[in-house]
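Structure first, then comments.
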Amino acid sequence: MTKSSQPLPYLFIVMGVSGTGKSSLAKQISDEFSLVFIDADDFHSAEAKKHMAANKPLTDEMRSPWLSSITDHLVLLSQQGQSIALAYSGLKSVHRNLFRDLPFYCHFFYLIANKNVIANRISQRKNHFFSSDLLDSQFEAMEPPLLSELDVSTINIERPFVLVSDEINKLTKQITRKKNNAKIC
């Protein structure tokens, strides 16, 4: 089999505003399906983290190098045939499209919940640069998936973690069973 006929690796992106459990759920997917786990937060510059820790939302200009860093890393992993579970906010459709252009089978899990539920979760986190004071800006920036974004599964997280995890695992199994080489997204 030539390199060009190799099946594309998978990129499962767990997205939503801060505090929805993206990292925990992406890590769970990576463990369950033997994928590489990546947390997009690890690619923020020290300046960006300091900016957010000061309760200031990032601008699109500040997000640009962050997104480039993430996508460059993903391309390298794709070239190695690695499948990925990525925890990434996915706030804007135009940014989600950057991932759709990468050489992966791509699927998004969009985590949703009431703002009060998420604010409560954020208030219980320790040692994280993101403050609950920024939650409003996240909800304002979040562009829900368009009807044309057929590669997005919406997941309500206002349930016990195990039920959310089971739903995502079931969907992931369905997606990975697809044997053709047509991109999902």
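Here is a yes/no grid of residues against (1) surrounded by 17 or more Cβ atoms within 10 Å (Cβ to Cβ); (2) within 12 Å of I13 (Cα to Cα); (3) among the charged types (D, E, K, R); (4) out of contact with any Pro (no Cβ under 6 Å at 6 or more places or on another chain):
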site: S78; (1), (2), (3), (4): yes, no, no, no
site: Y88; (1), (2), (3), (4): yes, yes, no, yes
site: P103; (1), (2), (3), (4): no, no, no, yes
site: H107; (1), (2), (3), (4): yes, yes, no, yes
site: S123; (1), (2), (3), (4): no, no, no, yes
site: F139; (1), (2), (3), (4): no, no, no, yes
site: P144; (1), (2), (3), (4): no, no, no, yes
site: D166; (1), (2), (3), (4): no, no, yes, yes
Counted residues in region 122-148 being farther than 15 Å from S89 by Cβ and at pLDDT 80 or above come to 3
Of (1) touching a strand residue (DSSP E or B) at 6+ places or on another chain (Cβ under 7 Å); (2) in a loop (DSSP other than H, G, I, E, B); (3) surrounded by fewer than 17 Cβ atoms within 10 Å (Cβ to Cβ); (4) modelled with pLDDT of 90 or more, T154 satisfies all except one. Which?
(2)
Looking at the structure I just gave you, is E32 open to solvent by 20 Å² or more (accessible area, probe 1.4 Å), touching a residue at least 24 places away in the same chain (Cβ under 8 Å) and out of contact with any Lys or Arg (no Cβ under 7 Å at 6 or more places or on another chain)?
yes
Within region 56-94, residues polar (S, T, N, Q) and either touching a Cys at 6+ places or on another chain (Cβ under 8 Å) or within 23 Å of I175 (Cα to Cα) (or both) come out as T71, S78, Q79, Q80, Q82, S83, S89, S93
Selection within region 1-20 - of a type outside the set (S, T, Y) and surrounded by fewer than 22 Cβ atoms within 10 Å (Cβ to Cβ):
M1, K3, Q6, P7, L8, P9
Condition first: open to solvent by 20 Å² or more (accessible area, probe 1.4 Å), polar (S, T, N, Q) and either at pLDDT below 90 or over 29 Å from K170 (Cα atoms) (or both). Can you find one or more residues in region 39-55 that meet it?
yes
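The values are calculated or read from the model by the stated rules, or taken from the named source; none is laboratory data. Nothing here was measured: the structure is a model prediction, and the numbers come from that model. Methodologically, a virtual Cβ is constructed for each residue, glycine included, from the backbone with ideal geometry; neighbour enumeration extends over all protein chains shown. Surface accessibility is based on the protein's heavy atoms, side chains included, excluding ligands, DNA and RNA. Shrake-Rupley method; radii C 1.70, N 1.55, O 1.52, S 1.80 Å.
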